[in-house]
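This report refers to the structure that appears directly beneath it.
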Amino acid sequence: MQISDSILQDVRRLVADKFAFELDEVQSESGFFADLGLESIDLLELSFHLEKLYGVKIRLQDMGRGEYALDEQGCLTGESLVQLKSKYPFMKLDGFETRPLRRPGDIVTIDAIAGFVQMALEANGSQSRTR
């Protein structure tokens with residue numbers, strides 16, 4: 001699934017504006033929790049702003065919640081990787097089978113958020129907003 005550059009840029013701008021970052025600090029590969037140091041409540045706030053922007057229900061907090069298992073080292077199991085890639089084809093999960101997760105949300109990146117938004121728009125038959 002190719003993520004729309006327009007949606008990705010909207011997500012980057014919203015994160016920068018709402019959470020006091022410079023735009024160049026918010027890259028597509030930035031981890032929402034791990035790299036930017038944001039919290040679960042911030043993800044809820046971002047969901048609200050994205051819903052307002054696009055006019056569709058976007059439940060970012062559901063992304064990956066409880067849908068995967070970790071091995072004894074804290075890495076995603078092979079089965080979990082397959083399930084996540086199937087459900088969220090936009091997620092870039094390379095390396096997570098050997099890189100331990102510090103917290104469940106470590107798989108949530110700016111790019112993944114943009115993909116989740118795009119998936120919600122496509123499921124609702126919506127087009128991304130025009131500027």
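The values are calculated or read from the model by the stated rules, or taken from the named source; none is laboratory data. Quick caveat, the model's predicted, so the values are computed rather than measured. Note: ideal-geometry Cβ built from the backbone for every residue, glycine included; neighbour counts use all protein chains shown.
Which ones in the stretch 1-13 are among the hydrophobic types (A, V, I, L, M, F, W, C) and surrounded by 18 or more Cβ atoms within 10 Å (Cβ to Cβ)?
Scanning the stretch 1-13 gives I3, I7, L8, V11.
Give me the residue from the stretch 13-54 that is small (G, A, S) and in contact with an Asp or Glu (Cβ under 7 Å, 6 or more places away or on another chain) and, out of that set, farthest from L101 (Cα to Cα).
Of everything passing the filter in the stretch 13-54, A16 is farthest from L101 (Cα to Cα).
Can you name every one of the helices (runs of 4 or more DSSP H) wholly within the stretch 1-108 that holds 1 or more residues which are modelled with pLDDT under 95?
Because the criterion is at least 1 residues that are modelled with pLDDT under 95, the helices (runs of 4 or more DSSP H) in the stretch 1-108 that meet it are 40-54, 78-87.
In the stretch 21-37, what count of residues is obtained for those that are surrounded by 13 or more Cβ atoms within 10 Å (Cβ to Cβ) and more than 11 Å from T109 (Cα to Cα)?
2
Assess whether K57 counts as being surrounded by fewer than 19 Cβ atoms within 10 Å (Cβ to Cβ) and touching a His at 6+ places or on another chain (Cβ under 8 Å).
Here the answer is no, as K57 does not meet what is asked.
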